[in-house]
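Colleague: I'd like to ask some things about the structure below.
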Amino acid sequence: MRRITGDRDRAWLEQLFDLHSRRLRAFATRRVGEDAADDVVSVVFTTAWRRRDAVPEPALAWLFQTARHAVMHHLRNTTRRTALHASVRNQTLPDAAPSAEDEARVLVEAVLGELPATEAEILRLTVWDELTPSEIAVVLEITPGAARTRLMRARRRAQELYLTQLRDTVPDPVPTPAEQCSPRH
């Protein structure tokens, strides 16, 4: 059965896009990079259009949940494609060394990499995407109480890991000439 769409449906989608596309693009960019972020956003709004009768109000958490699914699908496809290219060339791709500007990001990513995947995702959704625990619950398909508990646990673990990483990466202070000459008690 062909669905007839009216100006009201188009206006709804345009308003939805205007309200949320920037946040969804930022979410996608952080996970799949600048090149694929527009594709993810396109999938989200195409899905919203197709399922417009099922999109709840407010729609933000539903849109993020849809974006998360699109990101995971994109990453699976990218992983398969990369593995195929590497097998064709019969070599693995070298890891790129982080630039000096990325040191803070490398530290944060190291901490997030040490966390369980769900806890890392909860922190990203909270800090980077500014979602509330109730919205995170919708995105991750868990209860709001579980989202709050996991967020608290994730923050505590991340802080511990951050301090450990920081301790491991900061070099010991070099003694000054005066300190080298003075006797220690």
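Colleague: At 0.36 nm per residue, and after removing the present C-alpha to C-alpha distance, how many nm does the segment from residue 53 to residue 11 gain when stretched out fully?
Modeller: Once the chain is fully extended between residue 53 and residue 11, it gains 13.7 nm.
Colleague: Which number comes out as Rg/Rh for region 1-60 once both Rg and the Kirkwood Rh are worked out on C-alpha atoms?
Modeller: Radius of gyration over Kirkwood radius for region 1-60 works out to 1.02.
Colleague: May I pose another question? Figure the gain on full extension for residue 143 and residue 168 (residue separation times 0.36 nm, minus the Cα-Cα span) and round it to one decimal in nm.
Modeller: 5.3 nm
Colleague: Cβ neighbours within 10 Å, averaged per peptide: list 116-129, 142-155 in order, most packed at the top.
Modeller: 116-129, 142-155
Colleague: Still on this structure, I have one more. If I model a spin label at residue 19 and residue 76 as a point 7 Å from the Cα along the Cα→Cβ vector, what separation in nanometres do I get?
Modeller: 3.0 nm
Colleague: Net charge around residue 28, counting only other residues with Cβ within less than 9 Å of its Cβ (Lys, Arg = +1; Asp, Glu = -1)?
Modeller: Around residue 28, the surrounding residues sum to +1.
All of the numbers you see were taken from the coordinates with simple rules; none came from a lab. Keep in mind that this is a model prediction, so the values were computed, not measured. Every residue, glycine among them, receives a Cβ derived from its backbone with ideal geometry; neighbour counts consider all protein chains shown.
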